[in-house]
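A short write-up of the structure that comes next.
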Amino acid sequence: MKIVPSIDIMDSKRVEVVGHVANKTLEDSDPVTIAIYWEKKGARMIHIVDIDASLNTGRSNTEIVKRVIRSVGIPVQVAGGIRSRKQVEDFILNGASRVVVRLKPCSTNALYDFSGLGKIVLGIDYLGRNMFRGIGRESMIALEKDVAKWVLKVDETIGLEGILITDVGKEGSLAGLRYETLSFLSMLRETGLKLTYAGGVSSPEDILTLKKTGVESVVIGKALYDGLLSLEDLRRIAED
């Protein structure tokens, strides 16, 4: 299992995100410098999110995301407001190893827009039992078993690299894992696709639990930046 440091960007600076809301801007934080730091610390992949694009603020961090990709020799997974085939193709052309695309759960709209591209990870924002985020910040109700079936249809149409499940209620909270999220992860494991998890990881025990659930990668932000967890220690647990 891989431990993947996250870099959330607004207005070319790293921000702390809690529940998909930028909570604090780190004024002296250069995303390129941070990416190089994590690579030197032994990260095997970096997850970078354009929060401006995700929230439709009118600003774009596309060029700095591309600079981050060029600055490191490890894979970079790109996320945040990616809604078109052209965006995906542009990031892949510029070296992104994976591109996260979030679609409305159980909807077949736009599926064929992304078919045949490769390197696409399906992003699912999980709010709680049978509750998901649709497009933008709207919430919606869908049975988890129906979402799992829909994931298989998306994979059949697009050819997915994997799934990224973000527990939005736990994101940036350092509050640990929820039972219902682990249950949903176990359901998605039956799809046979690679699972990546993000949201609230705050202890080595969380990593061990996710490993037992069959998660391939864990995206971590605040716990690493606050020094609560060590990348080196987590890698030893995850890769043992």
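The values are calculated or read from the model by the stated rules, or taken from the named source; none is laboratory data. Being a predicted model, the structure only gives us computed values, none of them experimental. Cβ placement follows ideal geometry from the backbone for every residue including glycine, while neighbour counts extend to all protein chains displayed.
Summary of computed values
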quantity	calculated
Filter result (free of Cβ contacts under 8 Å to residues at least 40 places away in the same chain, more than 10 Å from Phe114 (Cα to Cα) and either part of a loop (DSSP other than H, G, I, E, B) or out of contact with any helix residue (DSSP H, G or I) (no Cβ under 8 Å at 6 or more places or on another chain) (or both)) within the stretch 88-100	Ile92, Leu93, Asn94, Gly95, Ala96
Odd one out for Ser183, checked against (1) assigned to a loop (DSSP other than H, G, I, E, B); (2) surrounded by fewer than 16 Cβ atoms within 10 Å (Cβ to Cβ)	(1)
Scope the stretch 210-240; condition farther than 18 Å from Thr196 by Cα, in contact with a helix residue (DSSP H, G or I) (Cβ under 9 Å, 6 or more places away or on another chain), modelled with pLDDT of 90 or more and surrounded by fewer than 17 Cβ atoms within 10 Å (Cβ to Cβ); matching residues	Ser230, Asp233
Test: residue in the stretch 187-199 that is outside any helix (DSSP H, G or I), on the phi > 0 side of the Ramachandran plot and exposed (fewer than 14 other Cβ atoms within 10 Å of the Cβ)	yes
Counted residues, the stretch 1-32 - those being modelled with pLDDT under 90, assigned to a loop (DSSP other than H, G, I, E, B) and of a type in the set (A, V, I, L, M)	1
Filter result for the condition that a residue is of a type in the set (D, E, K, R), assigned to a helix (DSSP H, G or I) and buried (at least 16 other Cβ atoms within 10 Å of the Cβ), over Asp125, Asp146, Asp155	Asp155
Those residues of the stretch 51-107 which are of a type in the set (Val, Ile, Thr), surrounded by fewer than 17 Cβ atoms within 10 Å (Cβ to Cβ) and under 17 Å from Val4 (Cβ atoms), in sequence order	Ile74
